[in-house]
Amino acid sequence: MAEKILQIRNLTTAFLTDQGVAKATDRVTFDLEKGQTLCVVGESGSGKSVTALSVMRLIDYAGGVIMDGEVLFNGEDLVRTSQDDMLRIRGNLITMIFQDPMSALNPVFTVGDQIAEVLRIHRRMKKKAAWQRSVEMLKLVGIPDPEIRAKQFPYEMSGGMCQRVVIAMALACNPELLIADEPTTALDVTVQAQILELLLQLKKELGMSMLLITHDMGVAAEVADRIAVMYAGIVVEEGTVQQIFENSRHPYTIGLLQSIPGMDGKRGGELYTIKGSIPPISKVPSGCRFHPRCPHVMDICRTEEPLLKSSLTGHKTACWLEDKGEFDLKSNKGNNQEANRLTDIRTEATHP
Ligand SMILES: Nc1ncnc2c1ncn2[C@@H]1O[C@H](COP(=O)(O)OP(=O)(O)OP(=O)(O)O)[C@@H](O)[C@H]1O
Ligand code: SF4
Ligand SMILES: [Mg+2]
């Protein structure tokens with residue numbers, strides 16, 4: 001059996017809001033195998049970043065509390081690891097890339113110094129060796145004239161260049177797991193594609209595993225081995241990229257798939273096809289959280305919550321249609337089209 005680098009079990013993270021304690025993730029469960037990429041997808045506010053920050057235990061500093069669950073990293077439960085021990089793991093064995101590269105870089109230090117600093121802290125490298133490695137890292141992430149660029153400040157670089165620097169910082173210590181939270185959303189379309197390609201190439205070269213967060217199903221199609229779909233704090237569907245694209249069993253996932261922009265090179269568009277909006281964490285609907293927006297809602301959906309279970313096709317889904325054996329393939333008729341799109345998107349990505 002494939003080795004699991006990350007096993008998230010029933011992860012429940014809450015915040016104190018004006019309406020009381022509210023869960024931003026609720027019993028989130030999925031696994032990431034070594035060397036693979038798992039994409040967490042879902043609309044804004046579905047709990048993707050809270051999941052990532054909980055894994056990193058950075059949620060403690062954002063006012064969140066992990067109320068329940070386990071985050072097993074190579075078998076070690078990070079939920080029960082002290083913050084002192086997390087310093088050994090975070091930035092070293094697990095690193096994270098955030099959406100906005102500018103916020104991750106310090107404007108008053110050169111990019112070379114910033115990468116070198118990571119190496120001096122985590123690898124205890126001497127100044128000169130750390131600087132040399134930092135230039136090597138800039139070269140690795142495809143920055144031309146790395147010796148010259150290393151001496152520049154972030155404001156002297158484009159957004160795409162800065163994101164490459166951030167990737168260089170994240171990979172400098174050769175982490176086992178990279179968490180990338182919308183790493184391309186702030187960039188323009190052509191740069192997005194280059195950065196994604198770079199991440200995939202480096203993941204392969206360095207033998208990392210990757211947890212990639214995106215609201216863009218097109219991105220997930222290009223990079224994912226597995227996909228976990230989140231809605232209002234819970235995982236509603238989880239499976240291989242083929243299972244999700246070719247045989248999705250959840251109306252929410254089907255809505256996301258239908259929102260993929262056409263094959264005209266555009267991506268990152270808003271998810272416009274699903275009517276209504278995601279609820280705030282303090283006002284989660286009863287029963288199935290998706291029921292106010294679901295085109296297939298039944299009486300049971302309004303009062304009883306469907307749990308995430310293995311479906312007939314082998315992946316996991318949380319929907320009463322599945323539980324009651326009433327899944328009507330006609331409602332999923334877009335899926336042949338989605339399967340073709342998966343092939344198209346992947347072919348396009350490998351042969352632009
Ligand atoms: N510090 C906080 N205090 C209170 N609520 C929070 C806090 N951080 C996040 N939340 C709430 O938790 C929910 C999930 O937020 P999260 O940032 O994980 O969403 P997301 O899926 O990453 O969305 P996006 O695509 O916009 O980044 C949201 O309803 C958000 O308002
Ligand atoms: S449980 Fe009901 S409301 Fe929820 S997704 Fe399935 S059919 Fe729709
Ligand atoms: Mg987020």
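Tabulated data
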read-out	value
Cα-projected label distance for Val189 with Lys126, points at 7 Å along beta-carbon direction, nm	5.1 nm
Estimated [θ] at 222 nm from DSSP helical runs (n ≥ 4, -39500 (n - 2.57)) normalised by residues in the chain, nearest 500	-10000 deg cm²/dmol
Spin-label model distance (nm) - Leu16 vs Lys4, 7 Å beyond Cα toward Cβ	3.3 nm
The chain - charge dipole about Cα centre, Lys and Arg +1 at Cβ, Asp and Glu -1, debye rounded to 20	640 debye
Label-to-label distance, nm, for residues given as Asp145 and Asp60 (7 Å Cα→Cβ offset)	4.4 nm
Rounded accessible area of Val297 (nearest 10 Å², 1.4 Å probe)	50 Å²
Which of Gly64, Ile254, Ile143, positive extreme of dipole for the chain (C-beta unit charges)	Ile143
Which of Trp131, Trp320 is most accessible, then next, and so on - probe 1.4 Å	Trp131, Trp320
Protection-proxy order for peptides 107-113, 231-237, 123-129, 181-187, each taking the mean of Cβ atoms within 10 Å per residue, highest first	231-237, 181-187, 107-113, 123-129
Built amide H within the under 5 Å cut-off of Gln152, gap 5+	Val111, Gly112
Between region 115-168 and region 238-262, the Cα center-to-center distance that results, in Å	38 Å
Heavy atoms of Leu16: accessible area, 1.4 Å probe, square angstrom to 10	140 Å²
Solvent-accessible ranking of Lys275, Lys316, largest area first, probe 1.4 Å	Lys275, Lys316
5 angstrom amide H check on Glu305, placed H, neighbours 5+ away	Gly287
Axial C-alpha extent at least 15 Å, average Kyte-Doolittle at least 1.6 - helices from the chain (DSSP)	none
Long-range HN-HN contacts of Ala24 with modeled amide H, under 5 Å	Thr13, Ala14, Phe15
Solvent exposure of the chain as accessible area per residue, Å², 1.4 Å probe	46 Å²
Region 98-174 - percent of accessible surface contributed by carbon and sulfur, probe 1.4 Å	54 percent
Per-pair calculated FRET efficiency, R0 = 35 Å: Leu312 and Glu136 via Cβ, rounded to 0.05	0.10
Calculated from backbone phi, Karplus (6.51, -1.76, 1.60) coupling profile of region 68-74 in Hz, x at Gly/Pro	7, x, 10, 10, 8, 10, 6
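The values are calculated or read from the model by the stated rules, or taken from the named source; none is laboratory data. Keep in mind that this is a model prediction, so the values were computed, not measured. Here the Cβ is made from the backbone with ideal geometry for all residues, glycine too, and neighbour counts use every protein chain on show. Side chains are part of the model used for accessible areas, which takes the heavy atoms of the whole protein and leaves out ligands, DNA and RNA. Shrake-Rupley method; radii C 1.70, N 1.55, O 1.52, S 1.80 Å.
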